[in-house]
Amino acid sequence: MDHQHISLGEVHQSVDTTTNGISRWRKLLAFFGPAYLVSVGYMDPGNWATDLAGGSQYGYKLLWVLLMSNLMALLLQSLSARLGIVRGRDLAQANRETYPPLINFILYILAEVAIAATDLAEVLGMAIGIQLLTGLPLAWGVSITVFDTFLLLVLQRYGIRKMEAFIIALVAIVGLSFLIELFMAKPAMNEVVTGFIPSLPDNTALYIAIGIIGATVMPHNLYLHSALVQTRKIKRDDAGIKQALKLNFIDSAVALNLAFFVNAAILILAAAVFFKTGRTNVAEIQDAHQLLEKLLGNKLAPTLFAVALIAAGQSSTVTGTLAGQIVMEGYLRLRINPWLRRLLTRLLAIVPALLVILLSGPEKVGELLVFSQVLLSLQLGFAIIPLIHFVSDKKTMGNFAVKPAVKVAGWIITAVLVYLNTRMVYTEAADYISGDGNPVVDVIIIIAGIGFLALLLVTILYPLISRYQQKASARIHPVHELTLNNIEPPVYNRIAMALDFSLDDEKIISNALAHGNPHTEYLLIHIVESASARYLGRESDDFETRKDKEQMETYVTLLHSRNIRARGLLGYRHRAEEIVRIVKEEEADFLVLGGHGHTGIKDWIYGETTNQVRHKVRIPVLVVQ
């Protein structure tokens with residue numbers, strides 16, 4: 001297995017499905033999970049506004065739109081899973097191998113914008129949920145969401161299965177909340193069934209339908225699914241791949257139908273509670289929450305509504321971070337600390353949310369939520385079009401390339417989604433330009449529109465022209481040929497060792513001696529950190545400084561008695577900086593450090609020396625625990 005290009009390396013193939021002798025049910029359950037992480041994107045707070053608007057204004061008449069968009073999503077997500085299973089590539093890696101560097105960089109930026117827009121919807125949804133549940137102002141609710149930044153790190157530490165269990169639990173909370181609310185609302189089932197007959201009463205219904213479809217299929221989910229399926233270790237023969245495709249399709253069907261149930265429940269609830277009572281103007285989440293108690297006559301319904309909103313936002317924010325990790329590693333071959341990745345994503349969402357709330361007021365949050373969905377709509381084509389290209393290509397997919405009928409269905413869905421989303425964006429832009437807008441902004445919008453269409457054409461045509469020739473490697477690390485023909489053990493002439501005058505010094509010295517030779521000179525380094533030394537440096541003459549000098553002389557004398565060349569060197573003030581300075585000035589070619597053994601918050605308390613030193617020197621560093 002080539003581990004250089006793996007997606008989500010920390011959980012790649014961490015679930016083994018190849019064990020012989022396990023029952024069919026256990027094997028099926030081993031594949032269940034990835035689609036549930038994907039499904040939360042189909043029931044996130046960004047979908048709630050369109051579902052509420054559709055149900056409150058048109059009753060059950062737009063249920064068929066939800067069903068159609070769910071079927072579209074099922075096909076696209078199954079194609080995304082197929083790419084990951086068959087080629088062992090996520091969508092970002094496959095793009096990198098196909099498109100030119102400039103196009104890939106633009107696609108990467110668009111993917112990051114889509115993820116930031118998704119996270120913006122989750123932040124606003126969670127903040128609204130917290131406000132509805134506790135009465136806390138929206139600005140405080142948005143600020144609180146930063147504390148879930150490191151939740152993903154905790155979950156990843158326990159493995160992909162625990163993460164999936166956590167997400168499924170949140171999805172279950174959302175589903176149960178709306179199930180209970182539907183029992184309270186008591187919708188007429190014979191009327192609900194009529195909602196699956198296609199109809200569009202007027203142009204406003206068409207606009208809401210476009211919004212429902214646009215909010216359903218999200219670009220980051222296609223990147224996410226193609227990577228998550230690779231967390232399952234499968235047999236790489238035709239039978240194993242065929243079985244994985246089948247079981248992952250079942251996983252997707254179950255998970256996305258659950259997402260359909262949640263969206264349908266929101267629309268049905270809005271129809272049964274608001275439309276039936278003449279409240280046809282409910283589109284804001286806050287309005288729906290306030291009216292539920294009045295119209296259903298109890299406090300449980302609005303409480304469950306708020307809890308479901310928080311759970312939907314929290315589950316979606318975890319999967320959004322994973323998608324961000326995937327696109328960064330796939331497009332840029334850049335792997336950064338997960339906590340930094342998470343913090344950057346969340347800040348990109350929190351900053352605009354706080355600015356809108358503080359400058360324009362909480363009443364503008366609904367418009368910001370709609371704007372996040374418009375941003376998502378812009379990116380959708382740039383994820384779907386390459387995906388259809390890749391899974392249709394027999395050269396890279398072999399016998400598992402999609403059949404012509406599936407290919408045609410995929411392109412029809414792509415055309416419909418791109419048209420509807422482009423129309424929505426065009427309508428928004430035209431309304432702005434026709435109003436009292438800024439001429440400079442109008443020009444920028446027009447140029448951006450032309451660039452959008454040009455990039456869309458390149459995305460469609462380039463794979464056909466290039467015939468899928470590999471332009472770049474999807475690997476995180478560049479490939480180097482290793483021959484092992486001229487490998488010789490290194491000779492170290494000057495070995496430095498950083499000592500803290502503790503019982504650990506013996507281990508440090510013995511390891512340093514093990515890497516030397518009879519001609520090696522050993523540099524014993526100790527940093528004096530007393531209050532006087534920090535202030536006066538070399539001029540310090542306090543008790544600790546004198547004792548440290550005596551200790552150093554004792555060490556050097558002991559080594560000299562064994563015919564070992566050694567010198568003692570004292571530094572002052574800052575440990576890491578002084579160790580680096582001495583190593584460079586003395587031209588040491590090897591360094592031995594002691595590892596203190598503490599991590600996390602203790603590094604903030606006691607200071608972290610090892611990492612700082614090893615990043616600032618250009619010689620081999622041995623850390624002795």
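Which order results if 225, 389 are arranged by neighbouring Cβ count within 10 Å, fewest first? Working shown, then result.
Values: 225 31, 389 22.
Exposure proxy ranking, most exposed first: 389, 225.
When 250, 388 are arranged by Cβ crowding within 10 Å, least crowded first, meaning fewest neighbours, the order is 250, 388.
Ordered by the number of other Cβ atoms lying within 10 Å of each residue's own Cβ, fewest first, 80, 372 fall into the sequence 372, 80. Full extension of the chain between residue 169 and residue 442 gives 93.7 nm of extra length, using 0.36 nm per residue less the Cα-Cα distance.
Tell me, what is the FRET efficiency for residue 452 and residue 134 to the nearest 0.05, using R0 = 41 angstrom and their Cβ-Cβ distance as r? Before the final figure, lay out the partial values.
Numbers: r = 41 Å, r/R0 = 1.00.
About 0.50, to the nearest 0.05.
Cα-Cα over 32 Å: which of 235/403; 162/394; 162/276? Where the Cα-Cα span goes over 32 Å, the pairs concerned are 162/394; 162/276. Cα centroid separation, the stretch 165-201 to the stretch 81-140: 26 Å. Between residue 507 and residue 300, the C-beta separation translates, for a Förster distance of 56 Å, into a calculated FRET efficiency of about 0.35.
Suppose a student asked you for the relative contact order of the stretch 494-624, using Cα pairs under 8 Å spaced at least 6 residues apart; what percent would you report? Provide the component values of the computation, followed by the final result.
Values: 198 pairs, mean separation 41.2, N = 131.
Taking the mean separation of contacting Cα pairs over the length of the stretch 494-624, I get 31 percent.
Length available on full extension from residue 515 to residue 585: 0.36 nm per residue minus the Cα-Cα distance, which gives 23.1 nm. Between the beta carbons of residue 491 and residue 544, assuming R0 = 45 Å, the FRET efficiency works out to 0.75 to the nearest 0.05. Here the stretch 494-624 is treated with +1 on each Lys and Arg Cβ and -1 on each Asp and Glu Cβ, and its dipole about the Cα centre works out to around 300 debye.
All of the numbers you see were taken from the coordinates with simple rules; none came from a lab. Here the structure is a predicted model, which means the values were calculated and not measured. A quick note on method: Cβ atoms are made from the backbone with ideal geometry, for glycine too, and the neighbour counts reach across all protein chains shown.
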